[in-house]
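Colleague: Sending over a structure as structure tokens; questions will come in a sec.
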Amino acid sequence: MKIDVTDTPSESDLAAISEGLTAFNTADVGPSARQSLAVLIRDDTGKTIGGISGYTAWGWLFTQWLFVPESLRGQGMAGKLLDAAEAEASARGCFGAWIDTFNPQALKAYQRQGYAVFGELPDFPAGRSRFFLQKKLSPR
């Protein structure tokens with residue numbers, strides 16, 4: 001047995017961790033039914049310029065990334081993206097959504113969308129806090 005620290009894990013290294021953890025969690029709490037979810041903003045040429053990337057699992061929507069280009073900020077675009085992601089998550093049977101941020105403007109935008117803070121990690125990054133937010137959804 002050996003512990004190996006690396007910044008270049010192979011695909012098979014990561015697959016071993018993922019498959020092991022998935023098997024453990026499935027045996028412990030049941031299958032996650034994890035499914036990717038993306039809501040994309042496309043320009044007039046069809047090029048993706050922003051949007052949401054996340055997934056649904058165990059009845060929850062997790063928004064991993066949300067990016068709105070500078071030219072579209074202040075127009076409610078984040079809310080429109082979240083509305084679309086939440087509608088799809090509800091259609092998938094999700095009853096909750098969560099997201100995290102260390103950006104003060106994003107925090108306010110998420111709170112306007114009905115998300116409530118349930119945790120804070122101070123100094124992540126230094127001088128800021130990372131906030132964890134959740135929202136109840138109505139499964140369809």
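The values are calculated or read from the model by the stated rules, or taken from the named source; none is laboratory data. Being a predicted model, the structure only gives us computed values, none of them experimental. Cβ: placed from backbone, ideal geometry, glycine included. Neighbour counts: every protein chain shown. Note: areas computed on protein heavy atoms with side chains; ligands, DNA, RNA excluded. Shrake-Rupley method; radii C 1.70, N 1.55, O 1.52, S 1.80 Å.
Colleague: Label points 7 Å out from Cα along the Cβ direction at Val5 and Lys47: separation in nm?
Modeller: 4.1
Colleague: Oh, and also: Does a label point 7 Å from the Cα of Trp98, set along Cα-to-beta-carbon, have any residues of segment 28-57 with amide nitrogen under 18 Å, and which are they?
Modeller: Taking a point 7 Å out along Cα→Cβ of Trp98, the residues of segment 28-57 whose backbone N falls under 18 Å are 28-37, 53-57.
Colleague: Calculate the spin-label point distance for Ala91 paired with Asp28, positioning each point 7 Å from the Cα along the beta-carbon direction, and give it in nanometres.
Modeller: 3.2
Colleague: Would you mind getting me the FRET efficiency between Arg140 and Glu120? Use the beta-carbon distance for r and R0 = 22 Å, nearest 0.05.
Modeller: Between Arg140 and Glu120 the formula returns 0.10.
Colleague: How much of the pair distance distribution for segment 100-140 lies past 13 Å, counting alpha-carbon pairs only, in percent?
Modeller: Values: 419 of 820 pairs.
For segment 100-140, the share of Cα pairs beyond 13 Å comes to 51 percent.
Colleague: Next question. Carbon-plus-sulfur fraction of the accessible area of the chain, 1.4 Å probe, in percent? Don't skip to the end; give the middle numbers.
Modeller: On the way: 5250 of 9400 Å².
After summing per-atom areas, the C and S share lands at 56 percent.
Colleague: Distances over 25 Å make up what percent of all Cα-Cα pairs in the chain?
Modeller: Numbers: 4053 of 9730 pairs.
In whole percent, the share of Cα-Cα pairs in the chain beyond 25 Å is 42.
Colleague: Accessible area per residue for segment 1-80 in Å², computed with a 1.4 Å probe and the full protein assembly in place, what is it?
Modeller: On the way: 5980 Å² over 80 residues.
That works out to 75 Å² per residue.
Colleague: Tell me which residues come under 5 Å, amide H to amide H, from Phe124 once H is placed; ignore anything under 5 positions away on its chain.
Modeller: Ser129, Arg130
Colleague: Give the long-range amide H neighbours of Gly96: residues separated by 5 or more places, or on another chain, with amide H under 5 Å away, using H modelled in the peptide plane at 1.01 Å from N.
Modeller: Residues meeting the amide H criterion: Leu61, Leu137.
Colleague: Given Cα pairs under 8 Å that are at least 6 residues apart, what percent is the relative contact order of the chain? Spell out each step's value before the answer.
Modeller: Working: 206 pairs, mean separation 24.2, N = 140.
Relative contact order here is 17 percent.
Colleague: Continuing with this model, one more query. How many nm is it between the label spots at Arg130 and Asp83, if each spot is 7 Å from the Cα in line with the beta carbon?
Modeller: 3.0
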